[in-house]
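Only one structure is covered here, and it is reproduced in the block below.
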Amino acid sequence: MSVTLRRMRWWDIAPVMELERALFPEDAWSPELFWSELADPDNHWYVVAEEAGELVGYAGLAVIGDEGHVQTIAVRRDRQGRGVGRTLLSALLDEAARRGCREVLLEVRADNPRAQELYRRFGFTVLGVRPRYYQPAGVDGIVMRLKDVQRRLAAYG
Ligand SMILES: CC(C)(COP(=O)(O)OP(=O)(O)OC[C@H]1O[C@@H](n2cnc3c(N)ncnc32)[C@H](O)[C@@H]1OP(=O)(O)O)[C@@H](O)C(=O)NCCC(=O)NCCS
């Protein structure tokens with residue numbers, strides 16, 4: 001089944017929160033955090049992924065100057081491993097390039113090899129480690145960076 005992406009709107013926050021709590025049991029965002037991100041579209045870009053009208057994932061980008069930040073990316077558990085994450089990340093990076101970002105940064109839990117692999121495949125490399133960044137578990141945060149995001153625009157000619 002094909003996945004379609006569209007901008008996240010405020011009425012998506014409730015269903016997004018259901019996925020958020022299921023996928024990030026230890027460090028789920030609050031609805032207020034999503035509200036504040038959506039309230040600042042000049043510096044944020046959030047999308048939801050749908051299959052047959054059902055929410056199967058979401059992702060968000062923040063832009064600070066010429067730096068992009070992957071704020072979140074998540075795919076419903078029963079739809080993982082089928083390319084939805086790749087589609088979402090690709091869309092975020094294209095948007096980062098369109099908005100003039102030179103590089104994109106993100107933080108990922110050290111105990112999340114699957115997400116790290118996804119980022120690595122897109123060209124992200126490890127910039128550093130933030131010890132015990134994720135609380136309360138005390139899991140390290142790995143900071144990853146993708147340089148030369150503008151190359152994505154060049155690829156479209
Ligand atoms: C991380 C996540 C977003 C990836 O989404 P996904 O739809 O499952 O990923 P995709 O199917 O697009 O796979 C993309 C890449 O992820 C990696 N990947 C996917 N399934 C994997 C698995 N079972 N084991 C290891 N790596 C895997 C591979 O590198 C894959 O690339 P490939 O398809 O070229 O082999 C998803 O697993 C998720 O929502 N996890 C829970 C929330 C989370 O951890 N978010 C990231 C926070 S930093």
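Tabulated results
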{"read-out": "Which listed residue is open to solvent by 60 Å² or more (accessible area, probe 1.4 Å) and of a type outside the set (Val, Ile, Thr), from ALA39, ALA22, ALA49, ALA28", "value": "ALA39"}
{"read-out": "In the stretch 92-112, the residues that are assigned to a helix (DSSP H, G or I) and within 12 Å of the ligand (Cβ to nearest atom)", "value": "LEU92"}
{"read-out": "Subset of the stretch 118-157 [free of Cβ contacts under 8 Å to residues at least 12 places away in the same chain and among the hydrophobic types (A, V, I, L, M, F, W, C)]", "value": "ALA154, ALA155"}
{"read-out": "Number of positions in the stretch 58-86 that are more than 7 Å from the ligand (Cβ to nearest atom) and either among the hydroxyl-bearing types (Ser, Thr, Tyr) or not in a helix (DSSP H, G or I) (or both)", "value": "15"}
{"read-out": "ALA137 part of a helix (DSSP H, G or I) and touching a strand residue (DSSP E or B) at 6+ places or on another chain (Cβ under 9 Å)", "value": "no"}
{"read-out": "Count of the stretch 126-144 residues which are open to solvent by less than 80 Å² (accessible area, probe 1.4 Å) and more than 14 Å from the ligand (Cβ to nearest atom)", "value": "2"}
{"read-out": "Any pair with Cβ under 6 angstrom, 6 or more apart, that starts in the stretch 74-88 at a residue that is over 15 Å from ARG121 (Cα atoms) and of a type outside the set (A, V, I, L, M) and ends at one that is more than 6 Å from the ligand (Cβ to nearest atom) and open to solvent by less than 60 Å² (accessible area, probe 1.4 Å)", "value": "ARG76/LEU19; ARG76/VAL56; ARG79/VAL56"}
{"read-out": "Checklist (1) part of a loop (DSSP other than H, G, I, E, B); (2) open to solvent by 60 Å² or more (accessible area, probe 1.4 Å) applied to GLY123, failing item", "value": "(2)"}
{"read-out": "Hits in the stretch 1-18 (condition: open to solvent by less than 40 Å² (accessible area, probe 1.4 Å), under 14 Å from the mean Cα position of the chain (by Cα) and within 15 Å of the ligand (Cβ to nearest atom))", "value": "VAL16"}
{"read-out": "Among (1) modelled with pLDDT of 95 or more; (2) under 26 Å from VAL16 (Cα atoms); (3) not charged (D, E, K, R), the one test that CYS101 misses", "value": "(2)"}
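The values are calculated or read from the model by the stated rules, or taken from the named source; none is laboratory data. These numbers come from a predicted model, not from an experiment. Using ideal geometry, Cβ is built from the backbone for each residue, glycine included, and neighbour counts are taken over all protein chains shown. Heads up: the accessible areas ignore ligands, DNA and RNA and are worked out on the full protein's heavy atoms, side chains in. Shrake-Rupley method; radii C 1.70, N 1.55, O 1.52, S 1.80 Å.
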